[in-house]
Amino acid sequence: MTVKTITSGEAKRTYQVQGLSCANCARECETDIRKLEHGEDAQLMYNSGTLKINSEVDLRQVERILKRDGAYIVDGGPSAATSSAADAHSHGHTHDQGHSHDHDHGHNHAHGEGHGHSHAHGSDNRMKWMLGISAVLYAGTFFLDGAIPQWSLIGVYLIAILLSGHTTFMQGLKNLLRLRFNMDTLMTVALTGAVVMGEWKEATLVAILFGLNEILEGYGMERARESMSALLSVAPKQANVIRGEETVTIPIEQLRVNDLVIVRPGEKIPSDGTVVDGESAVNEAAITGESLPVSKSAGSHVFGGSLNTSSVLRVKIEKAYEDSSLAKILHLVREAQDTKTPTELFIDRFAQYYTPIIMIIAALVMVVPPLFMGGDWSKWLYQGFAVLIVGCPCALILASPIAIVSGITRTARMGILVKGGVHLEQLGKINALAFDKTGTLTKGEPAVVDEAIYDKERVYRIMGAIEKDSLHPLAKAMMKHVANHGDGAWPDPTSTETIAGQGIKAVVEGQEYLVGSEQIFARDGEDFQQALQDAKRMMAQGYTIVAIADEHAPIGVFGLADQIREESKATIQALHDLHVTHTVMLTGDHAQSAERVAKAVGVSEWHAKLLPEQKVEKVKELAGKYKVAMVGDGINDAPALASAQLGIAMGAGTDSAVETADIVLMQDHLGKLPAAVRVARLVNRVIGLNIGLALGLKIIALLLTIPGWLTLWIAILSDMGATIIVTLLGLTILLGRDKAATLSK
């Protein structure tokens, strides 16, 4: 399958590549592809196994370059298509642009790609078979030694070496001729040296162990990629569109805004939309990470990719699939695999100098002891070849990618979108969090939290009559409250009038009433003075006042406040337990309201009455003292989110949240934030441990050259051992269930 994206006015295609043996090899292949005509902006990403190239590049030459590393172009699959669609959209082009051209090209190439896939799979199996035969032959030499002539035994060793090491040897030979020094070059020199010196047994073991090492390297990264592919496979493939009296099944790419689709139980909702008919439970785990189904009925918003679990729904589509929340999430998750962290960039730079340095050290080991210390030439030549093998940077280069991809995959499963490895690494380092109040620590919806009633017979009925048609947020909150204290049969006002500075004057059942702030109680009379004191008591706690009175007496006073999210306190406590030592609440609300929320949720510091630019200043001030992240709702907190070292938005899948922040909590709550911090710290620990082990084992092996104890098999085992440990530690990140997830709702 050929995938087309549009970038800078030029056609680009994205291909899935299988068989990349290591990040260093991928980088070298990319360098060679960029030397091709029109290939200057080619990108070969090792983490995701994808290649992006200009459509004008000769694909046969690209495949020839990839084949040198044992890699092949395979079918792009749905994840590549998703990436392509989102890319095309982000550059203002629709999916249909160039469709016919792409279709023809893709059709013609489909067979070749399918062949490439089977070829790659066959190549892997062939390599395993040859390695197995080599191992059997090598084991057999222990029984044949002394039983057959020496030249026959050497023939068995040579066959085993050729079966397991011929690919590496030929590639290394080509690299030597081009003066390119990588691990294949090192292995070729070491193998040649061992054979020339007559160390057939050890040369054979080196070839076999190096082949096994390469298989293990590929295995670890493939497992991480497969885990990511499983995550990306949630994208729906088709939609059942209602056309007149018929239902037509169409590919997801042909879905259009305002299409009416039918979604049966067990089917995925094809794109974002609104339920127009039916009532069902929908599993939104693909978007929010929440496994419990959510009830949906007429008027409910639904996400594309969520699973309808119980009854038939009819949904009006509001976005073409490539514009849907899921498509954007999958595109961003896919791209996140290939962003380089500071640690990875350092390792890449280090690896460029590491191999030449190792070759210099090997040369010195070979030459210095015999020339200046009277050492035996054969012994120190052998030691030098062993140093070359120790110098293979495989485990070091692999220290970070598997851990990063595993971490991004695990957080994405939890409904936490991390837009790149660099952000995951930063999240693991934060020790301070700044929170916006409204919509983040609170629900952003006012509710009645206190009341003083002076006339129980009339207060709820009259308040309902006056507020029932108002669209004001406070009126809506009042109606939710009074609905719990009556039968909903509110009388209609005879007249209503807005009085500037006071509120609403209305006549209900022949009686005049006033609804407004506490100012309506500023009248003579003991009853009014008592009501005013009740209102001031509520105001002192940070509540907004809604009062009601008739011409002669107060009827009631209500204190309204933004509702604190149920999980906010537990989340703040969990963050403190994780040694995120400084939690700060920033709000534009007045001090009393801010203090009430701050005390309730347990933040260590709070600041009120802040304008947007003042929030930015506070975040910058914190950034001077701590490694700080800012958490907001992704809509009105963009400046503060951008000014923080790390911006975290909780947007329940809103477009603005996905586009604004570095990390997005796709749930409409904070409950999984501690889990994200925990996973990020685990990733950082694993990467640090991997680097330490990879370098540590090599340093130990190199130190063995001082007394002359380093052997070829110790050298290769040190590299293979490091690779195995690094791979397994990286994959362990995918395991486990996060306790912090229980803080949600």
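The values are calculated or read from the model by the stated rules, or taken from the named source; none is laboratory data. All values reported here derive from a predicted model rather than from experimental measurement. We place every Cβ from the backbone using ideal geometry, glycine too, and count neighbours over all the protein chains shown. Please note that ligands, DNA and RNA were not included when accessible areas were found on the heavy atoms of the full protein model with its side chains. Shrake-Rupley method; radii C 1.70, N 1.55, O 1.52, S 1.80 Å.
Rolling a 1.4 Å probe over the protein heavy atoms gives the stretch 447-526 an accessible area of 57 Å² per residue.
Within the full protein context, the accessible area of residue 481 is estimated at about 30 Å² for a probe radius of 1.4 Å.
Charges only on Cβ, +1 for Lys and Arg, -1 for Asp and Glu: so what's the dipole of the stretch 571-703 about the Cα centre, in debye to the nearest 20? Intermediate results must be reported in sequence, preceding the final value.
Values: 13 positive and 13 negative charges, 136 e Å.
The dipole of the stretch 571-703 has a size of about 660 debye.
Grab the Cα-Cα distance for residue 27 and residue 170, subtract it from 0.36 nm times how many residues apart they are, and report the gain in nm with one decimal. Display every interim value, and only then the final one.
Working: separation 143, 0.36 × 143 = 51.48 nm, distance 1.92 nm.
Net length gain for the segment: 49.6 nm.
Summarising the label geometry, the points placed 7 Å from Cα in the beta-carbon direction at residue 177 and residue 725 lie 3.9 nm from one another. Taking 7 Å steps out from each Cα toward its Cβ at residue 445 and residue 274 produces label points 1.7 nm apart. The 3J(HN,Hα) values that the Karplus relation (6.51, -1.76, 1.60; θ = phi - 60°) gives for the stretch 197-209 are, in residue order, 7, x, 8, 5, 4, 6, 4, 5, 5, 4, 4, 5, 5 Hz. Gly and Pro appear as x. With all protein chains in place and ligands, DNA and RNA left out, the 1.4 Å accessible area ranks 650, 359 as 359, 650, largest first.
Per-residue 3J(HN,Hα) values for the stretch 529-543, derived from phi via the Karplus relation 6.51 cos²θ - 1.76 cosθ + 1.60 with θ = phi - 60°, read 5, 5, 4, 5, 5, 4, 5, 5, 4, 5, 5, 5, 8, x, 8 Hz in sequence order (x marks Gly and Pro).
The stretch between residue 136 and residue 706 holds 201.8 nm of extra length on full extension. This uses 0.36 nm per residue minus the Cα-Cα distance. Calculate, for residue 551 and residue 592, the FRET efficiency according to 1/(1 + (r/R0)^6) with r their C-beta to C-beta distance and R0 30 Å; round to the nearest 0.05. Computed FRET efficiency for residue 551 and residue 592: 0.45. At 1.4 Å probe radius, can you tell me the per residue accessible area of the stretch 24-72 in Å²? On a per-residue basis, the stretch 24-72 sits at 43 Å².
When 595, 621, 28, 245 are compared by accessible area of protein heavy atoms, the largest-first order is 245, 621, 595, 28, using a 1.4 Å probe. Averaging the sequence gap over all C-alpha pairs within less than 8 Å and six or more residues apart, then dividing by the number of residues, gives the stretch 490-576 a relative contact order of 20 percent.
The count of lysine pairs in the stretch 322-448 that are at least 8 places apart or cross chains, and whose C-alpha atoms lie under 17 Å apart, stands at 4.
Which whole-number percent gives the relative contact order of the stretch 417-531, counting Cα pairs below 8 Å spaced six or more residues apart? Walk me through the numbers on the way to the answer.
Details: 107 pairs, mean separation 17.6, N = 115.
Rounded, it is 15 percent for the stretch 417-531.
Couplings 3J(HN,Hα) of the stretch 25-40, computed from phi: 5, 4, 5, 5, 4, 4, 4, 5, 5, 5, 7, 6, 4, 6, x, 4 Hz, in residue order, whole Hz [Karplus 6.51 cos²θ - 1.76 cosθ + 1.60, θ = phi - 60°; x for Gly and Pro]. Sparse packing (at most 10 other Cβ atoms within 10 Å of the Cβ) combined with a DSSP loop state is found for the following GluC sites (Glu not before Pro) in the stretch 551-594: 551.
Taking the Cα centre as origin and putting +1 on Lys and Arg beta-carbons and -1 on Asp and Glu beta-carbons, what dipole magnitude results for the stretch 438-480, to the nearest 20 debye? Mind dumping the intermediate values first?
Values: 7 positive and 7 negative charges, 28 e Å.
Using only the charged Cβ atoms, the result is roughly 140 debye.
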